[in-house]
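Here is the structure we will look at, set down as structure tokens.
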Amino acid sequence: MSNTETNSKSPTHIAYAVREAKDQGKGFWTRIGAAWPHQDGKGFNVQLDCVPLDGAIQLRLASDKQ
């Protein structure tokens with residue numbers, strides 16, 4: 001990663017909690033936080049606004065699409 005990417009104020013990853021819908025066969029994705037890479041590229045700082053009850057968190061690359 002370049003210094004530009006690691007020093008950005010925008011997160012590189014978004015944290016989601018995913019609940020499976022029993023009768024619909026698809027999940028409901030709820031944004032619960034974000035992650036920024038460490039400057040050395042060997043880890044992440046993760047900030048969560050809430051913690052899912054089942055403890056499962058999906059980290060996805062942040063994109064321009066909302």
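The values are calculated or read from the model by the stated rules, or taken from the named source; none is laboratory data. Predicted model, so just to flag it, every value in this text is computed and none were measured. Keep in mind that these areas ignore ligands, DNA and RNA; they rest on the heavy atoms of the full protein, side chains included. Shrake-Rupley method; radii C 1.70, N 1.55, O 1.52, S 1.80 Å.
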Query raised in the report: In terms of modelled amide H atoms, which long-range or inter-chain residues lie less than 5 Å from the amide H of residue 33?
Result: 15, 49
Report task. Hey, can you grab everything whose amide H is under 5 Å from the amide H of residue 62? Only 5+ residues off in sequence or another chain; H modelled, so Pro and N-termini drop out. Result -> 13, 14
Query raised in the report: Which whole-Hz couplings ³J(HN,Hα) result when phi for each residue of the stretch 11-27 is put into the Karplus expression 6.51 cos²θ - 1.76 cosθ + 1.60, θ = phi - 60°, listed in order with x for Gly and Pro?
Result: x, 8, 9, 10, 9, 10, 9, 10, 9, 7, 7, 5, 9, 9, x, 9, x
Requested in this report: Please give the solvent-accessible surface of residue 28 in Å², to the nearest 10, using a probe radius of 1.4 Å with every protein chain present.
Outcome: 90 Å²
